[in-house]
1. Pick out the one residue from A:A10, A:A2 that is at pLDDT 95 or above and assigned to a loop (DSSP other than H, G, I, E, B).
2. Take the residues in region A:13-36 that are over 18 Å from B:N116 (Cα atoms) and part of a helix (DSSP H, G or I); name whichever of them is nearest to the other protein chains (Cβ to nearest Cβ).
3. Which one of these is within 18 Å of B:E13 (Cβ to Cβ) and acidic (D, E): B:E68, B:E96?
4. So is A:E36 charged (D, E, K, R), surrounded by fewer than 16 Cβ atoms within 10 Å (Cβ to Cβ) and in contact with a Lys or Arg (Cβ under 8 Å, 6 or more places away or on another chain) or not?
5. Quick check: anything in region B:44-51 near DNA strand C (Cβ under 10 Å from one of its atoms) and closer than 20 Å to A:R99 by Cα?
6. Go through region A:70-97 and give me each residue that's of a type in the set (S, T, N, Q) and away from DNA strand C (no atom under 12 Å from the Cβ).
7. Suppose we filter A:A93, A:A106 for residues that are away from DNA strand D (no atom under 15 Å from the Cβ), assigned to a helix (DSSP H, G or I) and at the interface with chain B (Cβ under 10 Å from one of its Cβ atoms); which single one remains?
8. Please find, among A:S97, A:S86, A:S29, the residue that is under 17 Å from the mean Cα position of the chain (by Cα), modelled with pLDDT of 95 or more, within 19 Å of B:F108 (Cα to Cα) and surrounded by 15 or more Cβ atoms within 10 Å (Cβ to Cβ).
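The values are calculated or read from the model by the stated rules, or taken from the named source; none is laboratory data. Worth saying up front: this structure is predicted, and the values here are computed from it rather than measured. Counting neighbours? That spans all protein chains shown, and the Cβs are built from the backbone with ideal geometry, glycine included.
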Protein chains: 2
Amino acid sequence: MAPGEWEVTARVERFVEPALLLALRGGRSHGYELAERLAEVIGVESVDYGNLYRLLRSLEQEGIVSSEWDDQSEGHSKREYELTDSGELLLEAWVESLRQADERIAAFLRRYDERNPT
Amino acid sequence: MAPGEWEVTARVERFVEPALLLALRGGRSHGYELAERLAEVIGVESVDYGNLYRLLRSLEQEGIVSSEWDDQSEGHSKREYELTDSGELLLEAWVESLRQADERIAAFLRRYDERNPT
DNA sequence: TGACATATATGTTATTGACATGTATATTTC
DNA sequence: GAAATATACATGTCAATAACATATATGTCA
């Protein structure tokens, strides 16, 4: 790899989870649509559907979301997901944790800029 | 797990790498001492030595740091590490990426606070 | 009818970091 | 001077995560 061309990407681990919870707070919906909201929240073009559905199922097992099939509406039959009360609490916990992460990164950047004034 | 008691920790993946580069910018040093600087940069009590030495070796293989044994100084013989020019560039790349991560988290928090005024 | 979008789902794999363990020397304490 | 502890470097193992590939079935449009 040529100097200055490393693929360094500072990713927040499991960021998709709080992002999904935030997307769900926008109202109950099905996976495929949630994927679009999610992409907007995260700021990417698209998200991985496979992992999204897996995450939804695991969140449901933990009581973070609840779901039921919706066959009434037009088109393809969908499974509609909704944030539970536990889910709201979990989102709050994530927000707290993300504030801390934000501060840790900010502290790093301050320390860098201190000795690297632009 | 009781409601409201999840262990959600928003960690930046591979954060130890930029933190180590920043610690190294403070001047050449050996692994054991770098571990202390590193802990301070990250804001934890201690870091995992095993992973640190593995990281140092892999960074050296990629030309990010250079090292040599120092048998002159008192006590235990140590290997001294130093940031190369490539290392400086990589740190810059990390800083750019971390600024973006910072902004992504900030955007998430703004979006959350929008509909959740304190 | 063939292509594409919608919708949900599972399988596989590399990367990462936590934890445990191993080795050796230096220093302190009793 | 023996034992405990700190310094210093290093490898092994494993679970969680996320990227990528694949599978399935239906709806829509040209």
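1. None of the other options fit; the residue is A:A10.
2. A:E17
3. Values: B:E68 fails: within 18 Å of B:E13 (Cβ to Cβ).
On inspection, the qualifying residue turns out to be B:E96.
4. Working: charged (D, E, K, R): yes; surrounded by fewer than 16 Cβ atoms within 10 Å (Cβ to Cβ): yes; in contact with a Lys or Arg (Cβ under 8 Å, 6 or more places away or on another chain): no.
Spelling it out, it is not the case that A:E36 is charged (D, E, K, R), surrounded by fewer than 16 Cβ atoms within 10 Å (Cβ to Cβ) and in contact with a Lys or Arg (Cβ under 8 Å, 6 or more places away or on another chain).
5. yes
6. Selection gives A:Q72, A:T84, A:S86, A:S97.
7. Of the residues listed, the single one that is away from DNA strand D (no atom under 15 Å from the Cβ), assigned to a helix (DSSP H, G or I) and at the interface with chain B (Cβ under 10 Å from one of its Cβ atoms) is A:A106.
8. A:S97
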